[in-house]
């Protein structure tokens with residue numbers, strides 16, 4: 001369903017020039033379409049009943065960690081796209097925050113690398 005869809009978006013947008021490949025807006029659009037459908041399903045099925053995590057437990061599972069980390073890659077393409085793609089999914093946003101809070105400081109340490117990569121790519 002969702003794992004690695006974000007990679008398609010990131011690879012075909014901001015990372016393409018790094019690997020001397022042309023930007024591929026069609027692949028990005030398709031990736032965004034799949035991501036949106038997956039986020040919708042995640043929100044309506046897996047996060048139904050205001051469960052804090054995918055399996056309904058009080059702590060994140062490996063599934064939560066994998067999927068949240070995959071979604072977080074979208075931040076590489078920028079806050080505008082992040083807000084556009086994740087904005088409609090309030091339960092997903094809360095789930096990401098729940099996962100972040102449950103796994104900190106490790107979550108923030110890991111995602112600091114993404115922030116540094118984003119800054120390098122912008123320069």
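Brief remarks on what is shown
- The single condition among (1) closer than 17 Å to residue 11 by Cα; (2) modelled with pLDDT of 95 or more that residue 96 does not satisfy is (1).
- Scoring residue 119 on the criteria (1) surrounded by 14 or more Cβ atoms within 10 Å (Cβ to Cβ); (2) in a helix (DSSP H, G or I); (3) modelled with pLDDT under 95 leaves a single failure, condition (1).
- Any hit, the stretch 8-29, residues being assigned to a helix (DSSP H, G or I), touching a residue at least 60 places away in the same chain (Cβ under 8 Å), under 15 Å from the mean Cα position of the chain (by Cα) and crowded, with 19+ Cβ neighbours inside 10 Å: yes
- Residue in the stretch 78-90 that is assigned to a helix (DSSP H, G or I), touching a helix residue (DSSP H, G or I) at 6+ places or on another chain (Cβ under 9 Å) and buried (at least 18 other Cβ atoms within 10 Å of the Cβ) present: yes
- Filter result for residue 65 (modelled with pLDDT under 90, surrounded by 13 or more Cβ atoms within 10 Å (Cβ to Cβ) and assigned to a helix (DSSP H, G or I)): no
- Residue list for the stretch 33-62, filter: surrounded by 14 or more Cβ atoms within 10 Å (Cβ to Cβ) and either part of a helix (DSSP H, G or I) or in contact with a strand residue (DSSP E or B) (Cβ under 8 Å, 6 or more places away or on another chain) (or both): 34, 35, 36, 38, 39, 42, 43, 46
The values are calculated or read from the model by the stated rules, or taken from the named source; none is laboratory data. Quick caveat, the model's predicted, so the values are computed rather than measured. Glycine gets a Cβ as well: all are built from the backbone with ideal geometry, and neighbour counts include every protein chain shown.
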